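Q: Before we start, here is the structure in question, set down as structure tokens.
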Amino acid sequence: MNAPSEPTPFPYEGPAELRQLVVDALTRVVDPEVALSIVDVGLIYGVTIDAERAHVRMTMTSAACPVTDVIIEDVENELDRILPPGRVIDVELCWEPAWTPEMMSERARRFMRW
């Protein structure tokens, strides 16, 4: 496996040829409350892909997030578009570690003027 030219913005385990496709797919998912990609907001804690499934470990900015279902559905739809057929997409919503603004990308912090 060759190392990616740029670091992946979240932990990734899986086929190298899918790495950038997964990053791009998840970057297309926008948190409608802040109008930023969930990758830039820092909601993706990790992705693991094997022959049978794609497992996404992610969080929300708060447990009271009213758009959680929409974001999870968007994640599933975007990954379904790019992954080889037959892989189960499993999105695990977790709360540890708790999300903090420090998890945002530099670009997101500039956008939010933080």
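Each value in this text was obtained by applying a stated rule to the coordinates, not by laboratory testing. The model shown is predicted, which means the values in this text are computed figures rather than measured ones.
Q: Show me, for the range 48-61, the HN-Hα J-couplings you get by feeding each phi into the Karplus relation (A = 6.51, B = -1.76, C = 1.60, θ = phi - 60°), rounded to Hz, glycine and proline as x.
A: Taking θ as phi minus 60°, the curve returns 10, 10, 10, 5, 9, 8, 10, 10, 10, 9, 8, 9, 10, 5 Hz for the range 48-61.
Q: Taking amide H atoms as placed 1.01 Å from N in the peptide plane, list the residues 5 or more away in sequence, or in a different chain, whose amide H sits under 5 Å from that of G42.
A: For G42, the qualifying residues are S105.
Q: Right, next: Given a cut-off of under 8 Å on Cα pairs at least six residues apart, what relative contact order in percent is computed for the chain?
A: About 28 percent, as a whole number.
Q: Moving on to the next point. Using helices alone, what [θ] at 222 nm do you get for the chain, with -39,500 (n - 2.57) per DSSP H run of 4 or more residues, divided over all residues and rounded to the nearest 500?
A: -9500 deg cm²/dmol
Q: Further, regarding this structure: With both bridge residues required to lie in the chain, what share of the DSSP beta bridges run antiparallel, to the nearest 5%?
A: Beta bridges within the chain, antiparallel portion: roughly 45 percent.
Q: Residue by residue through the range 27-37, what is 3J(HN,Hα) from phi via Karplus (6.51 cos²θ - 1.76 cosθ + 1.60, θ = phi - 60°)? Round to whole Hz and write x for glycine and proline.
A: 5, 6, 7, 10, 7, x, 6, 10, 6, 10, 4
Q: With the radius of gyration and the Kirkwood radius both derived from the Cα set of the chain, what is their ratio Rg to Rh?
A: Result: Rg/Rh = 0.95.
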